[in-house]
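The values are calculated or read from the model by the stated rules, or taken from the named source; none is laboratory data. Keep in mind that this is a model prediction, so the values were computed, not measured. Here the Cβ is made from the backbone with ideal geometry for all residues, glycine too, and neighbour counts use every protein chain on show. The accessibility values were calculated without ligands, DNA or RNA, using every heavy atom of the protein model including side chains. Shrake-Rupley method; radii C 1.70, N 1.55, O 1.52, S 1.80 Å.
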Amino acid sequence: MSSLLAVLDAGDAQPAAVELRARSYELLGDLTGRTVVDVGCGGGRAVAELAERGARAVGVDLGPEMIAVARQRWPAAEFHVGEACELPLETGSVAGYRADKVLHLLDDPARAVAEARRVLAPGGRIVLLGQDWDAIVIDSDDPETTRRLVHAKADSLPSPRVARRYRNLLLDAGFTDPVVEVRTFVLTDDTAFALLRRITDEQSWLAEQAERARTNRIFVAVPMFLVAAQK
């Protein structure tokens, strides 16, 4: 739990991640005084940042441990333990819905999008963010092994390629006017190696990457898909 939080915190602190979160808030529209839910809120950073922008922000996460951390970090904010497919919110009760790096963890992302539509008021905005786990780029002296490891990691997840489907998922659920943006996170520091250790524990391959990190030669690029639409 603590190691996952450390990785998440390090990633959230990256300038590109800060910029991407800010862009996701912009795509939600003017939420001053209105309710927005952040699904899969983790440690609660986005909830706090949305509140700073004037929203009544609510965080929901499946993990009780994550919610406990979020409540400790942001005691003035509202957090709930809940599932993306069964949100603890009334129908039509929110003006904005945001899910960041969540749908790839779900067996049925379409069900979560339908639930987002349920809780959104007419005219409400939805924003989905996430990486396509089959599209991560890693520099390595062994491209064949690298390809195998990336695919193996992707195949271990319930919906690893859902980010490329965000637009169609929203259209299929009845959302309108989708906006699609792609940003690429380029990692060349310790954050890159931390990510690679989440992809595999194959020591011979990681040894090369550790040496690259030591000599300032590590390179990982992660395309992030950002899609917004309206109910």
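Taking into account only those residues within region 117-141 that are within 15 Å of R165 (Cβ to Cβ) and of a type outside the set (D, E), which is surrounded by the most Cβ atoms within 10 Å (Cβ to Cβ)? Reasoning before the result, please.
Looking only at region 117-141, we keep the residues that are within 15 Å of R165 (Cβ to Cβ), and these are 126, 128-135.
Then drop every residue that is not of a type outside the set (D, E), which leaves 126, 128-131, 133, 135.
On the way: I126: 26, L128: 30, L129: 25, G130: 23, Q131: 19, W133: 21, A135: 18.
That would be L128.
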Please work out if V102 is aliphatic (A, V, I, L, M) and over 24 Å from E52 (Cα atoms). no
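Being assigned to a loop (DSSP other than H, G, I, E, B), out of contact with any Pro (no Cβ under 6 Å at 6 or more places or on another chain) and in contact (Cβ under 8 Å) with a residue 60 or more places away in the chain, is that true of even one residue in region 75-84?
no
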Options L187, L195, L170; residue that is open to solvent by less than 30 Å² (accessible area, probe 1.4 Å), farther than 21 Å from D9 by Cβ, in contact with a strand residue (DSSP E or B) (Cβ under 8 Å, 6 or more places away or on another chain) and not small (G, A, S): L170
In the set R148, R73, the lone residue that is closer than 19 Å to Y25 by Cβ, more than 15 Å from the chain's Cα centre (by Cα) and charged (D, E, K, R) is R73
Within region 87-94, does at least one residue satisfy the condition of being at pLDDT 95 or above, surrounded by fewer than 15 Cβ atoms within 10 Å (Cβ to Cβ), among the polar types (S, T, N, Q) and farther than 22 Å from P223 by Cβ? yes
Qualifying positions in region 184-221 - acidic (D, E) and over 19 Å from R148 (Cβ atoms): D189, D190, E211
Picking from L103, L149, the residue that is in contact with a Pro (Cβ under 7 Å, 6 or more places away or on another chain) and either within 30 Å of W205 (Cβ to Cβ) or open to solvent by less than 20 Å² (accessible area, probe 1.4 Å) (or both) would be L103
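Taking helices (runs of 4 or more DSSP H) that fall entirely within region 109-223, which contain at least 3 residues that are among the polar types (S, T, N, Q)? Steps first, answer last, please.
Details: elements: 109-119, 143-155, 166-172, 190-199, 203-214.
Helices (runs of 4 or more DSSP H) meeting the threshold: 203-214.
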